[in-house]
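In what follows, a single structure is set out as structure tokens and then discussed.
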Amino acid sequence: MSGAIWFIGESEDGRLQSSGAGVATLVRQLAAAAGADAVGLIVGSEPERAARELAGYLPSVLWARSAGADSFVSPSAQAAVIGRLVAVRDPGYVVLPATPAGRELAGALAARLQWGVLTNAVDVSWDGRPIAHSIVFRSDLKVRSAFAGDHGVITLQPNVVTPVLSGAAGTLEEVAMLDGELASPVRRTELVTGTAAASVEHARVIVTGGAGVGSREGWALVESLAASLNAAVGATRPAVDAGWVGYSQQIGQTGKTVRPDLYVALGVSGEVQHRVGMRMARAVVAINTDRDAPIARYSDLFVVGDLAVIVPLLIERLRETRPSGLPG
Amino acid sequence: MNGAYADVPGYLLVFPVVYGAVAYFALAMARHLRVFAAAGPSNPFASVPRRAWGLIVYALAQAKMFKDARAGLMHFTIFWGFIALTIGTADIIMGGLIQAVVAWPLDGALWTAVTALQNVAAVGVLLALGYAAWRRLVSRPRRLALTRGALIILGLIGGVVGTELLAMALEAARSGDRAGAVVANALAVPLRGLDPRLLEVGFLTCWWAHIALVAAFICYLPGSKHLHIATSFFNIYLRKLAPRGELPAMDLEAESQTFGVRTIADLGWKDLLDGFTCTECGRCTEACPANATGKSLDPRAMIMGIRHLAVDAERGLNLIPNSPLVRDAYGLDDRLAPAALAVPIVDAAIPYDAVWDCVTCGACVEACPVLIEHVDKIVGLRRNLVLEETRFPPELNGAFRNMEQVGNPWGSPRADRMDWTKDLPFPVPTAAELARAGTLDSLDVLYWVGCAASFDERNRKVARAVATCLSAAGVRFAVLGQEESCTGDPARRMGNEYVFQVLAAGNIETLKRYGMEKRTIITACPHCFNTIGNEYGQLGGTFEIVHHSVYLQGLLAAGRLPIAADGDGPKRAVTLHDSCYLARYNAIVAEPREVLRQLPVIELREMEKRERSTFCCGAGGGRMWMEESRGTRINEERTRQALATGAQAVVTECPFCMTMIRDGLSAAGDRGAGVQAIDLAEVLAASLLAPAAAAGATQTSGPRQG
Amino acid sequence: MQVVVLTKSVPNTTGDEGLGPAFRLDRNAIDPIINPNDEYAIEVALRLAETQPGVQITMLTMGPAAAWPGLSKGLAVGVHNAILVSDPALEGSCALGTANTLAAALRRITFDLILAGADTSDGRAGIVGAAVATLLGIPFITHAGTLAVGNGAVQVRRLRDDGHERLEAPLPAFVSVTQEVGDLRYPSLRGIMGSRSRKPTTWSLGDLGIEPADAGGARATTIVLDVEPPQPRLPARIVAGEPGAVVGEIVEFIAERRIVS
């Protein structure tokens, strides 16, 4: 029997971070295939509730409470705790979501443990060892890779696995902190969440509107679709010129260059000036009334139709298909 | 000796007064020239016959002045009238020598004729001055600024001419008609009844007033905008003779120099002469598309600003320079004001934003009657901003980087360069393929596709139309494919000479590798055309390049393109938007029109601003890759002009014009609905007889979105 | 203050990508450039040098010697020194191996602040920075939107998916930056010309005291099993017609591509 497979969750305002449930589901499935234990681990200032949520997906969950009033636990301190627990309990593999926080934790953990890291997996299968499937350099290259040894850290793209509850509540176990273990030279002086438009440069999903959106009212549809896809809002130059959205969201020759996993183009014709800003997008869905719009050449899925009809329907359908176990 | 003027009391005083004025003029001009010495070199001396011919065309015939017919006639009258009148004044200051010589043959008939001519000229000049004053004070066209200097000049000229005519009339009233003085004699008629003493006092007053005003005029000139009467001959003679589309060469390896133009010391002395030649007529600013759309660029203000900087630099210099001996002996400093020479031109003579507003369309240069070069100076300023200060609109960062790294301003992959050929029913070989197959010799022409037609979806259709026409005419052509790079035109005009030279060197090497120095290159891009044809020579690449409008017209004329004789249906009204780099810079205006004339289904409706006076689409000078946030959009203004013709399509001959006019049409809303922007090659390809027409040139769809 | 910028040489991915033997990127076939995110880090360092006296900037790169021309741009914009860790044995290094090698190099120089891009355009792993900092035992902050140095500490506005937070760490520290800090300035002509003749300080594994057998491909912790060869992007699937049906197609497409659930 192989060593256990661990999932390191993140808690956010006391709840399991939205990306966690899907990754935990995959860890459970992977451990089942490997005949290994699947274990979740949450370290935070208010870990119990997140740990309970996680126990809905995994048979066994460890949690550790960081002492003190400051809810901030630096990733290096988290890595120190996790590294100690790994050394004690000897799991085989550790899986984290490929979020900004997950990645930095993975790096610190790998350095501490001297374990290899496989990053940005879109799927992990088991064939005597974990096999990570990832996509590099645009969507062209699909790579399968594995660890040379018996241990490793994997980061998995969030949202690539649909969360499925295990149907049974897992066991919860609190692990004790050592004195001063969470002390960190890094201090947090301010935290601001839920503000401002998400920046397009880092968004994994972008919904972009072009001149074809037609009006300020039409622009509201772009924003609602973006909200329902957890996406940033992008715009072409004509849309910015029309005053529907600020220049900070402009994508293209004289705007931003983006590289999202999904790019939804609404009423965007796809002139080269715009194309240059989004050609790194991994997958492109375009909706346009003009069947001959150049964007058709750069799309994976090209929908000919009226935005005013299709987009509200799409928003509704996305709401329906969102599984219940997911927060927010 | 002074027989002719013996009756004028104190005549001898004329000599110190007028020659004193001339001496002052000479010293003031010499002081101007000392600033020239501080400026960089210019070497406009070769090609004497061409330069001399230019003097006749631009200075004597004043060809450029007549673009504004009324102002041209006015100026022509004043110019030639003044010259005729100067004969009289010259005679006075030469002690009657001219009269003595001219009156000698034919019993004085010649001098009588001269007198008559002067009389008529005086009336003509006075009328023209009246018109000039009316324009400044009453009708006030936008380009004319009402300045004190302008009124002083009008007053001085009017005074010089008026006093002379009046003196002649008073003299005729006193001592009888003068032969040939038709106007003065007529004016004398009502004066004859006056007291002779009064007539004499009046005559002397006018005569001396004339001399005094002449002296004042000569003294006023060196510091005034009217100096052009002395400098414009030189400025025209010393004009840029290189193709106007050829920017000055630049040595990037010269380490000690300033790169580009920062202060007037970095300009050539000919650029300072430009400043001293400007008459502030405002034709440049009136023609400027950036200025017309509310941007801060004002070419006249820049040239005036350069003059002001030059004048500031000479401030404090003695009018009569000390000899080096005296300077050394008394420790006198007799140099130009160093602070004034160190003032950056940007912000002093031209606002920073204005430097980037320029589309380098050359309308200002075309409009200037005294052949001032504005664009080369602006690019010189950009060169300094980019190469030394790295101050430029942030959007250009990406364009520069893309040109440098992947050889096109958009940063599209080189691998996509052949994508436009995919739907064509015939193969488009690359030069590399032909070279491998050993069939390069069979090539008729190399088609230089250009980045826009390689990567921009709309312009790819133009490339297909060009290829379709070539194929239909049986022309054996090839392209460079992935070996083609941006010519560097945008980089060069944005001031990034480094990137230009890197790209140009690469292209020259590639073209030479395939022996293209001995073949014809054709292109549908006026910018590529201008740069390869006019600028690559600076870097050792001399190629024959032909714009597709010219090449296709040649194929048509040779009967190699079968045109559908479909003359039954209603004609399609189109207008032709001349590209600046084709029409203005390279004087190609007839061929595209000839192509359209050959097509029975086309009716050409011209815009007012066309041919060499065309109005830019807004994309030149690298503006294609900059945001246009100041003022209104140039392309929308040009589209408005095109729509005013009632045309159903705007024919373009440049990929950037295509993009800008399309954007303009979609911005025009309902007015632009149903109006197409279409390249000349597409118009032609659509008229080809089947099956040639079926070869892939597709009609375009409606206005673009996004 | 000594600022070290970790700069990775990456293929210019706007060009064609191809894989060489052993499924590794054929770096010879593609013009290498500085990883764009690392360029932002260079810009941050240059701004620090403008506002603070005595800032010395060093670029540190691990890569083949052929990477140098693409990296020389750093010197053109004003980076003071460049170190290239280059050794044939380093070929095939895994992410952990890269971090170990970089940490070994960093132990040989003094530094107050280490900067790098938040991730690289080729791997996009975004783990090496945190690993290097952990190996060196210094605090790290990733995904900086803005950065300031003062009072012996670095203050960072760190971008989060849901907003931002302000963090502070004492120097020496590691900070990774994002596009939000601003584009790298364009080099002046004098900078370009001056950087042409300069060469980086090159360190081999021997210089770092590492046995070739303990580094690079020989000690790689991860292996690539196979790569599905690059396929041209398929033409778009075009759907039209009944809105309900096309919306179904969109939802299916999104699910199929495993982008959002």
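The values are calculated or read from the model by the stated rules, or taken from the named source; none is laboratory data. Fair warning: this is a prediction, and the values are worked out from it, not measured in the lab. Cβ: placed from backbone, ideal geometry, glycine included. Neighbour counts: every protein chain shown. Quick note on the areas: whole protein, heavy atoms, side chains included, nothing else; ligands and nucleic acids left out. Shrake-Rupley method; radii C 1.70, N 1.55, O 1.52, S 1.80 Å.
List of remarks:
- A:Thr208 vs. criteria within 14 Å of chain B (Cβ to nearest Cβ) and either open to solvent by less than 20 Å² (accessible area, probe 1.4 Å) or in a strand (DSSP E or B) (or both): yes
- From A:Arg291, A:Arg297, residue being at the interface with chain B (Cβ under 8 Å from one of its Cβ atoms), surrounded by fewer than 24 Cβ atoms within 10 Å (Cβ to Cβ) and closer than 29 Å to B:Ala668 by Cα: A:Arg297
- Screening B:Ala565 against (1) in a helix (DSSP H, G or I); (2) touching a Pro at 6+ places or on another chain (Cβ under 8 Å); (3) open to solvent by 60 Å² or more (accessible area, probe 1.4 Å) leaves a single unmet condition, (1).
- Restricting attention to the range B:509-533 and to residues that are within 29 Å of the chain's Cα centre (by Cα) and of a type in the set (A, V, I, L, M, F, W, C), the residue that is nearest to B:Leu434 (Cα to Cα) turns out to be B:Ile521.
- Residues of the range B:226-242 that are part of a helix (DSSP H, G or I) and open to solvent by 30 Å² or more (accessible area, probe 1.4 Å): B:Ile229, B:Phe233, B:Phe234, B:Tyr237.
- Residue in the range A:217-232 that is within 9 Å of chain B (Cβ to nearest Cβ) and open to solvent by 10 Å² or more (accessible area, probe 1.4 Å) present: no
To keep it simple, each residue is scored yes or no on (1) in a loop (DSSP other than H, G, I, E, B); (2) at the interface with another protein chain (Cβ under 7 Å from one of its Cβ atoms); (3) modelled with pLDDT of 85 or more.
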residue	(1), (2), (3)
A:Arg144	no, yes, yes
A:Val161	yes, no, no
A:Asp179	yes, no, no
A:Pro185	yes, yes, yes
A:Val192	no, yes, no
A:Ala198	yes, no, no
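- Residue tally, condition charged (D, E, K, R) and in contact with a strand residue (DSSP E or B) (Cβ under 8 Å, 6 or more places away or on another chain), over the range B:232-281: 1
- Those residues of the range A:223-249 which are without any contact (Cβ under 8 Å) to a residue 60 or more places away in the chain and in a helix (DSSP H, G or I), in sequence order: A:Glu223, A:Ala226, A:Ala227, A:Arg237, A:Pro238, A:Ala239, A:Val240, A:Asp241, A:Tyr247, A:Ser248, A:Gln249
- Of residues in the range C:122-172 being open to solvent by less than 10 Å² (accessible area, probe 1.4 Å), of a type in the set (Val, Ile, Thr) and out of contact with any helix residue (DSSP H, G or I) (no Cβ under 8 Å at 6 or more places or on another chain), the one nearest to the other protein chains (Cβ to nearest Cβ): C:Ile141
- The condition of being over 30 Å from B:Arg174 (Cβ atoms), open to solvent by 70 Å² or more (accessible area, probe 1.4 Å), of a type in the set (Gly, Ala, Ser) and in contact (Cβ under 8 Å) with a residue 60 or more places away in the chain holds for only one of B:Ala37, B:Ala28, that being B:Ala37.
- In the range C:184-236, residue nearest to the other protein chains (Cβ to nearest Cβ) [restricted to those that are of a type in the set (S, T, N, Q) and under 24 Å from the mean Cα position of the chain (by Cα)]: C:Thr221
- Meets criteria (touching a helix residue (DSSP H, G or I) at 6+ places or on another chain (Cβ under 7 Å) and either surrounded by fewer than 24 Cβ atoms within 10 Å (Cβ to Cβ) or free of Cβ contacts under 8 Å to residues at least 60 places away in the same chain (or both)) for B:Leu552: no
- Criterion violated by B:Trp134 - all others in (1) under 28 Å from the mean Cα position of the chain (by Cα); (2) under 22 Å from B:Cys278 (Cβ atoms); (3) not charged (D, E, K, R) satisfied: (2)
- Some residue of the range B:409-424 being touching a helix residue (DSSP H, G or I) at 6+ places or on another chain (Cβ under 9 Å), surrounded by fewer than 20 Cβ atoms within 10 Å (Cβ to Cβ) and away from chain C (no Cβ under 13 Å): yes
- Just one of the listed residues (C:Ala99, C:Ala67) is more than 14 Å from every other protein chain (Cβ to nearest Cβ) and of a type in the set (Gly, Ala, Ser), and it is C:Ala67.
- Test: A:Val192 is under 25 Å from A:Val304 (Cβ atoms), within 23 Å of the chain's Cα centre (by Cα), open to solvent by less than 40 Å² (accessible area, probe 1.4 Å) and of a type outside the set (D, E, K, R): no
- Some residue of the range C:104-119 being open to solvent by less than 10 Å² (accessible area, probe 1.4 Å), assigned to a helix (DSSP H, G or I), at pLDDT 95 or above and more than 12 Å from every other protein chain (Cβ to nearest Cβ): yes
- Filtered residue count, the range A:78-114, keeping only those that are within 12 Å of chain C (Cβ to nearest Cβ), outside any helix (DSSP H, G or I), open to solvent by 30 Å² or more (accessible area, probe 1.4 Å) and touching a residue at least 24 places away in the same chain (Cβ under 8 Å): 0
Okay, residues lined up against (1) open to solvent by less than 30 Å² (accessible area, probe 1.4 Å); (2) at pLDDT 90 or above; (3) within 21 Å of A:Gly305 (Cα to Cα):
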| site | (1), (2), (3) |
| --- | --- |
| C:Asp183 | no, no, no |
| C:Tyr186 | yes, yes, no |
| C:Ser204 | no, yes, no |
| C:Ile259 | yes, no, no |
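- Residue match in the range B:127-134 (condition: closer than 24 Å to B:Asp298 by Cβ and not acidic (Asp, Glu)): yes
- When the range A:243-256 is filtered for residues that are more than 17 Å from B:Met624 (Cβ to Cβ), more than 28 Å from the chain's Cα centre (by Cα) and either within 8 Å of chain B (Cβ to nearest Cβ) or crowded, with 19+ Cβ neighbours inside 10 Å (or both), only A:Trp244 remains.
- Residues (among the small types (Gly, Ala, Ser) and surrounded by fewer than 18 Cβ atoms within 10 Å (Cβ to Cβ)) located in the range B:127-156: B:Gly130, B:Ala133, B:Ser139, B:Ala145, B:Gly149, B:Gly155
- Scope the range B:112-126; condition among the polar types (S, T, N, Q) and open to solvent by 20 Å² or more (accessible area, probe 1.4 Å); matching residues: B:Thr112
- The single condition among (1) in contact (Cβ under 8 Å) with a residue 60 or more places away in the chain; (2) among the hydrophobic types (A, V, I, L, M, F, W, C); (3) open to solvent by 30 Å² or more (accessible area, probe 1.4 Å) that C:Ala240 does not meet is (1).
- Selection over the range A:260-288 of residues that are more than 13 Å from chain B (Cβ to nearest Cβ) and assigned to a loop (DSSP other than H, G, I, E, B) gives a count of 4.
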